[in-house]
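*Asks:* Here's a structure for you.
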Amino acid sequence: MKMWDGRFAKPSDSLMEQFHNSISFDQTLIDEDIACSTAWAGALERIGIFTRKEAATVTAALAAIGKDYRKGKITFSPHDEDIHMAIERMLVERVGEAGARLHTGRSRNDQTATDLRLFIKKRLLDLHNEVIELQQALVYRAETDLDVIMPGFTHLQQAQPILLSHYWLSFFFLLDRDKKRIGNASVAADTLPLGSGAIAGSGFDVDRAGLAETLGFTDISDNSIDAVASRDYVLDALAACASLGVSMSRYAEDLIIFSSREFGFIEIDDAWSTGSSMMPQKKNPDSLELIRGKCGRFIGNYTRMAATLKGVGLAYYKDLQEDKEPLFDSVSQTEIVLRVFTRVIATLSVRRKRIADDLHPFLFATDLADYLVRKGAPFRKAHRTVGRIIGHCLERNIALTSISVDELRGFSDLFCDDAMKLFSWEGAIAARSICGGTGRGSVKAQISKAKKLLRKG
Ligand code: ARG
């Protein structure tokens with residue numbers, strides 16, 4: 001028997017049940033559904049649908065169902081369509097008629113939207129906190145690795161020397177923007193749909209402001225059609241996860257390269273690496289590869305939801321039930337990716353000597369050009385002059401740093417003895433002390449700012 005089958009002459013086909021039931025995945029929303037129903041019982045009591053005693057009985061039974069679920073004592077029936085129906089069935093079984101009054105004036109359409117918004121708010125807060133943990137690991141790295149000068153890469157070619165700390169902090173600030181996207185998605189979910197009924201608004205004048213307060217919503221939906229039909233807040237949450245996933249994937253890619261034998265800049269801790277079943281020597285950065293790989297599903301989940309939504313007119317259609325699995329998947333997987341990345345970053349070791357040995361003298365090329373500019377050359381001309389010097393070094397197979405001032409003067413008479421001072425890694429770093437640059441002062445200022453941002457949460 002179904003709660004809605006009064007007008008039906010025969011039961012659902014079992015394949016239809018299998019196809020249509022969402023209990024296997026929407027039981028994830030059990031806490032939210034119980035919170036939503038408990039608040040609703042209170043609202044119904046205030047308008048006289050429940051006596052005080054009935055409301056108390058229903059509320060206690062709802063809490064007991066939640067407790068039993070956590071203890072693994074609940075078995076869902078194959079006829080339980082979704083978590084809302086399952087809870088209502090159990091409620092009626094436990095308390096009888098009072099349970100049968102609970103669905104007064106509400107629909108699963110406003111109920112599921114309320115549950116989902118509650119879920120999003122809670123889980124995005126968890127993600128926000130996990131992002132902070134990852135940011136803390138990056139600040140720890142930035143402080144620990146402050147003395148390491150490494151080649152900075154563009155196009156994966158050595159470009160200019162940078163502080164390794166500057167690199168770690170670049171990830172910090174990217175994550176800070178991802179954190180804002182998570183916050184915005186949380187605000188988008190922070191509106192109460194309950195009271196909207198199936199489409200037209202509840203026929204019972206429940207206190208929606210009171211419901212919003214009880215359930216912790218800042219706002220109340222203005223339009224009942226919009227409240228039950230919209231899922232743009234799900235897209236916002238999925239987009240925030242996808243964006244965070246892309247950010248983490250890019251840095252995972254870098255660290256995979258840095259951990260290769262060819263680079264050898266970092267070593268991933270054994271606890272976050274795996275071996276090969278065949279090749280005994282292998283140590284693979286699987287943690288980082290999965291961080292990169294999982295990003296595909298975050299983007300996929302966003303795309304999947306957007307594609308589902310685009311064909312759904314107003315208001316509720318069953319298609320909307322497809323909102324849950326991508327959402328649950330994205331939030332839980334984003335959370336684990338964040339937690340793993342935090343540990344990988346906090347525990348990796350930096351191979352300082354290898355990094356120092358890898359700094360190529362050509363990394364001074366821009367400093368040479370800037371030197372000529374300071375002596376009066378137009379930059380384009382200086383660039384060409386230094387390009388010719390590089391060509392000369394390549395042709396003769398000599399290091400840029402072993403070239404003499406006399407040789408340099410053969411390319412431009414603007415070169416003086418002080419040009420030799422350019423060939424210092426510290427000097428090249430110090431030359432970029434501009435705010436936001438890789439100079440030590442700037443990097444220390446970034447660390448202070450990062451700490452300040454973390455204090456704000
Ligand atoms: N399981 C449904 C969902 O998640 C609940 C809403 C069902 N509403 C309805 N009118 N059939 O979307």
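What follows is calculated from the coordinates using simple rules that are stated; it is not laboratory data. Computed from a predicted structure; not experimentally measured. Heads up, the Cβs are rebuilt from the backbone with ideal geometry, glycines too, and the neighbour counts pull from every protein chain shown.
*Asks:* Please give every one of the lysines within straight-line cross-link reach of Lys310, meaning a C-alpha to C-alpha distance under 18 Å, and leave out same-chain neighbours fewer than 8 residues apart.
*Replies:* Result set, ordered by chain and number: Lys318, Lys324.
*Asks:* A further question follows. If you average 1/r over every pair of different alpha-carbon atoms in region 1-128 and take one over that average, what Kirkwood value in Å do you get?
*Replies:* Here the Kirkwood hydrodynamic radius works out to 15.5 Å.
*Asks:* Same structure again: Please list, in order along region 385-391, the HN-Hα scalar couplings obtained from phi with the Karplus expression 6.51 cos²θ - 1.76 cosθ + 1.60 (θ = phi - 60°), rounded to whole Hz, x for Gly and Pro.
*Replies:* After applying 6.51 cos²θ - 1.76 cosθ + 1.60, I find 4, 5, x, 5, 4, 4, x Hz.
*Asks:* Another question about this same structure. If you wrap a convex hull around the C-alpha atoms of region 224-319 and split its volume per residue, what is the figure in Å³?
*Replies:* 129 Å³
*Asks:* Tell me the relative contact order for region 53-203 as a rounded percent, counting alpha carbon contacts under 8 Å between residues six or more apart.
*Replies:* 28 percent
*Asks:* Between beta-carbons, use under 13 Å as the cut-off and find the net charge around Thr75, counting Lys and Arg +1, Asp and Glu -1.
*Replies:* Once all neighbours under 13 Å are counted, the net charge is 0.
*Asks:* Still on this structure, I have one more. May I ask you to sort Ser165, Ser448 by Cβ crowding, counting other Cβ atoms within 10 Å and putting the fewest first?
*Replies:* The most exposed by this proxy come first: Ser448, Ser165.
*Asks:* Scan the chain and hand back the longest stretch that contains none of the trypsin sites (Lys or Arg not before Pro) lying in DSSP loops with at most 16 other Cβ atoms within 10 Å.
*Replies:* Result, exposed sites excluded: 74-260.
*Asks:* Under 8 Å for C-alpha pairs, at least 6 residues apart: give me the relative contact order for region 189-265, rounded to a whole percent.
*Replies:* 28 percent.
*Asks:* Continuing with the same structure: Charges only on Cβ, +1 for Lys and Arg, -1 for Asp and Glu: so what's the dipole of region 202-309 about the Cα centre, in debye to the nearest 20?
*Replies:* Dipole about the Cα centre, nearest 20: 640 debye.
*Asks:* If one puts a single equal scatterer on every Cα of region 353-457 and applies the Debye formula without solvent, what log₁₀ I(q)/I(0) results at q = 0.24 Å⁻¹?
*Replies:* Debye output, listed in q order: -1.31.
*Asks:* Now, a different point. Only counting other Cβ atoms within 10 Å, I'd like Phe341, Phe263, Phe8 sorted with the fewest neighbours first.
*Replies:* Placing the least packed residue first, the sequence is Phe8, Phe263, Phe341.
*Asks:* Next question. Per DSSP helix of 4 or more residues, -39500 (n - 2.57); summed, then divided by the residues of the chain. What does that give at 222 nm, rounded to the nearest 500?
*Replies:* Using -39500 (n - 2.57) per qualifying helix, the result is -20000 deg cm²/dmol.
*Asks:* Once phi is turned into ³J(HN,Hα) by the Karplus curve 6.51 cos²θ - 1.76 cosθ + 1.60 with θ = phi - 60°, what whole-Hz value does each residue of region 37-46 show in order, with x for glycine and proline?
*Replies:* My calculation for region 37-46 gives 5, 5, 5, 5, 4, x, 5, 5, 4, 5 Hz in order.
*Asks:* If amide H atoms are built 1.01 Å from N in the plane of the peptide, which residues on other chains or at least 5 residues away come under 5 Å of the amide H of Ile162?
*Replies:* Residues meeting the criterion, in which the H sits 1.01 Å from N, are Met150, Gly152.
*Asks:* Just want to confirm a number: the relative contact order over the chain, from Cα pairs under 8 angstrom separated by 6+ residues, in percent.
*Replies:* Relative CO of the chain lands at 16 percent.
*Asks:* For the chain, what is the percent of antiparallel DSSP beta bridges, rounded to the nearest 5?
*Replies:* 80 percent
*Asks:* Ordered by residue, what ³J(HN,Hα) values in Hz, to whole numbers, does region 285-301 give under the Karplus form 6.51 cos²θ - 1.76 cosθ + 1.60, where θ = phi - 60° and Gly and Pro are x?
*Replies:* x, 4, 4, 5, 5, 6, 4, 5, x, 5, 4, x, 6, 5, 5, x, 5
*Asks:* Something else about it: When the C-alpha atoms of region 290-397 are aligned to their principal axes, what extent does each axis show, in angstrom, from largest down?
*Replies:* Principal-axis extents of the Cα atoms in region 290-397, largest first: 71, 38, 26 Å.
*Asks:* While we're on this one: log10 I(q)/I(0), Debye, Cα-only the chain, no solvent, q = 0.05, 0.06 Å⁻¹?
*Replies:* For the requested q values the scattering log ratios are -0.31, -0.42.
*Asks:* Let me ask something else. If we count every other residue with Cβ under 9 angstrom of Thr342's Cβ, Lys/Arg +1 and Asp/Glu -1, where does the sum land?
*Replies:* 0
*Asks:* Give the separation of the Cα centroids, region 134-170 to region 325-378, in Å.
*Replies:* Here the answer is 4 Å between Cα centres.
*Asks:* Normalise the Cα radius of gyration of region 121-208 by 2.2 N^0.38 Å (N = residues in it) and let me know the number.
*Replies:* Relative to the rule-of-thumb radius for its length, region 121-208 sits at 1.83.
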